[in-house]
Amino acid sequence: MNVISKTIQSVPSSLNIQLEENRPLAPLTSIKVGGPADYFATVQTVDQLLKLARWARSVDLPYLILGGGSNVLISDSGVRGLVIQNRCRQVRVDDPPCCDYPQDLRPFLFAESGAAMAGLARTSINAGLTGLEWAVSVPGTVGGAVINNAGAHGGEVKDNLWNVLILDENDEVQELEPEQLHYVYRSSSLKRGQRIDAGFGAVVLSANFRLGPGDPEGMRARADGFLAHRRRTQPVEPSLGSTFKNPPGDYAGRLIDAAGLRGHRIGGIEISETHANFFINPGGVGSGSAADVVEMIETVQAIVRDRFGVDLEPEIQWVGDWKNQR
Ligand SMILES: Cc1cc2nc3c(=O)[nH]c(=O)nc-3n(C[C@H](O)[C@H](O)[C@H](O)COP(=O)(O)OP(=O)(O)OC[C@H]3O[C@@H](n4cnc5c(N)ncnc54)[C@H](O)[C@@H]3O)c2cc1C
């Protein structure tokens, strides 16, 4: 038996987790590109997530948590190490954890990190709790949103986050408050960088949001308005959402459009006709590649820099083995 099989067989059987080898990741991302994971497992409970990450650390196997795959451009060579697909989806309305919690913000919304952010927003609306309506149209999980400080329609995660439970880099389980996460636009201190490979980083286990009482009908109307706006202004084809951050005082989509690039195609990847900051993969899995996306990003950056003197900075994260990118 080789070293790798021995490593895999050392996953504690009590975890009830099946490790797969060479698992294609493209279907698990919203843009449907990227190569395979050397090893892959799906976790359904926070206990499994915590123990699997600790086991991977103990056998020196780098790991990467995959939430909804809606902000990651995975290399065509895939990920060297273990990809942990996070399906820990419990959500509940809780009592506050301490007596000095402000009375006007009493209710708490607890979510495991693999819960869908949009589903959490719906739960809060149904419970008459206001503050997360903006998230009804944002793909991905609570874990991804906490790390990226996801936001839309004037709201963002940091506005309503009370605390986060993480497995930190020293193998301790810790509760952190938003101030400790150093939130800025679409980032936090939990984000490991714009280009990352599998490693031994912190794992978000769950989060508590603080929300105020609201009028369900008004909230529902606001949420429906946000969704209708999305449907009007954003493409339905596979994508990673906005490719670039908006430069100060302008919009990346406007600049790309003004450069005449709307509809431009490289391989299977196209600049959306509906929103020029969205790069779409209309053919789905097996059509566009990560190489096509990178070439498109570099082409757009060069043309926009040349035409308008603006440097467009990617919002998406490069993930996996880019050294051996095909
Ligand atoms: C059509 C479309 C529209 C979008 N619109 C918006 C928008 O309006 N606003 C916005 O902010 N974003 C938007 N996005 C981007 C995306 O939805 C967010 O960035 C989202 O928060 C990513 O969550 P995820 O679960 O998909 O993360 P993933 O893409 O799976 O992962 C992102 C990063 O977080 C890490 N990660 C995920 N979960 C954990 C965890 N539990 N512990 C440790 N690390 C973790 C991953 O390893 C990776 O590094 C859009 C994307 C699409 C496709």
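Taking H placed 1.01 Å from N in the peptide plane, check which residues at least 5 places from Gln85 or on another chain put their amide H under 5 Å from its amide H.
Placed amide hydrogens put Ala41, Thr42, Val43, Leu66 under 5 Å from Gln85.
I need the phi-derived Karplus couplings for region 166-171: 6.51 cos²θ - 1.76 cosθ + 1.60, θ = phi - 60°, integer Hz, Gly and Pro marked x.
10, 9, 8, 5, 9, 6
Select from the chain the helices, each a whole stretch of DSSP H, whose alpha-carbon atoms run 15 Å or more along the helix axis and whose Kyte-Doolittle mean is at least -0.5; answer none if there are none. Could the numbers behind the result be given before it?
Details: long enough: 46-58 (18 Å, -0.18); 216-233 (25 Å, -1.22); 290-308 (26 Å, 0.46).
Correct list, ordered by number: 46-58, 290-308.
Within the chain, what whole-number % of the accessible surface is contributed by carbon and sulfur, with the 1.4 Å probe and all protein chains included in the calculation?
C and S fraction of accessible area: 48 percent.
For the chain, what does -39500 (n - 2.57) per DSSP helix run (n ≥ 4), summed and divided by total residues, give at 222 nm, in deg cm²/dmol to the nearest 500?
Working: 8 runs with 85 residues, N = 326.
One gets -8000 deg cm²/dmol as the mean residue ellipticity at 222 nm.
Taking the Cβ of Met296 as the centre, find all other residues whose Cβ is under 10 Å away and add up their charges (Lys, Arg: +1; Asp, Glu: -1).
Numbers: positive: Arg265; negative: Glu270, Asp292, Glu295, Glu298.
Around Met296, the surrounding residues sum to -3.
How much area per residue is accessible in the chain when the probe is 1.4 Å and only protein heavy atoms are counted (Å²)?
Here the per-residue accessible area is 45 Å².
Consider all pairwise Cα distances in region 204-302 and report the whole-number % of them above 24 Å.
Tail fraction, whole percent: 40.
Taking all protein chains together and a probe of 1.4 Å, list Val310, Val173 from the most accessible to the least accessible.
Val173, Val310
To the nearest 20 Debye, how big is the dipole of region 218-293 about its Cα centre, given +1 on the beta carbon of each Lys and Arg and -1 on that of each Asp and Glu?
For this selection, approximately 340 debye.
When Lys and Arg each count +1 and Asp and Glu each count -1, what net charge do the other residues less than 9 Å away from Leu109, Cβ to Cβ, add up to?
+1
Which aspartates and glutamates have a Cα less than 18 Å from the Cα of Lys323, not counting those fewer than 8 places away in the same chain?
Qualifying aspartates and glutamates at Cα under 18 Å: Asp38, Asp76, Asp197, Asp292, Glu295, Glu298.
Kindly work out what percent of the DSSP beta bridges joining two residues of the chain are antiparallel, to the nearest 5. Each step should come with its number before you reach the end.
Details: 37 of 52 bridges.
Taking every DSSP beta bridge with both residues in the chain, the antiparallel ones total about 70 percent.
Would you mind listing how long the chain runs along its three principal axes, going by Cα atoms, in whole Å with the largest first?
Sorted from largest, the Cα extents of the chain read 62, 57, 30 Å.
Give me the Debye-computed log₁₀ of I(q)/I(0) at q = 0.10, 0.13, 0.19 Å⁻¹ for region 111-255, equal point scatterers on Cα only, no solvent, two decimals.
Evaluating at q = 0.10, 0.13, 0.19 Å⁻¹ gives log10 I(q)/I(0) of -0.37, -0.63, -1.22.
Output wanted: per-residue J couplings in Hz (rounded whole) for region 247-254, from phi through Karplus 6.51 cos²θ - 1.76 cosθ + 1.60, θ = phi - 60°, x for Gly and Pro.
Couplings: x, x, x, 8, 10, 4, x, 5 Hz.
The values are calculated or read from the model by the stated rules, or taken from the named source; none is laboratory data. Owing to the predicted nature of the structure, the values given are computational and were not obtained by experimental measurement. Neighbour counts are summed over all protein chains in view; Cβ atoms, including those assigned to glycine, are modelled from backbone coordinates with ideal geometry. Accessible surface is based on the protein model in full, side chains and every heavy atom, while ligands, DNA and RNA are left aside. Shrake-Rupley method; radii C 1.70, N 1.55, O 1.52, S 1.80 Å.
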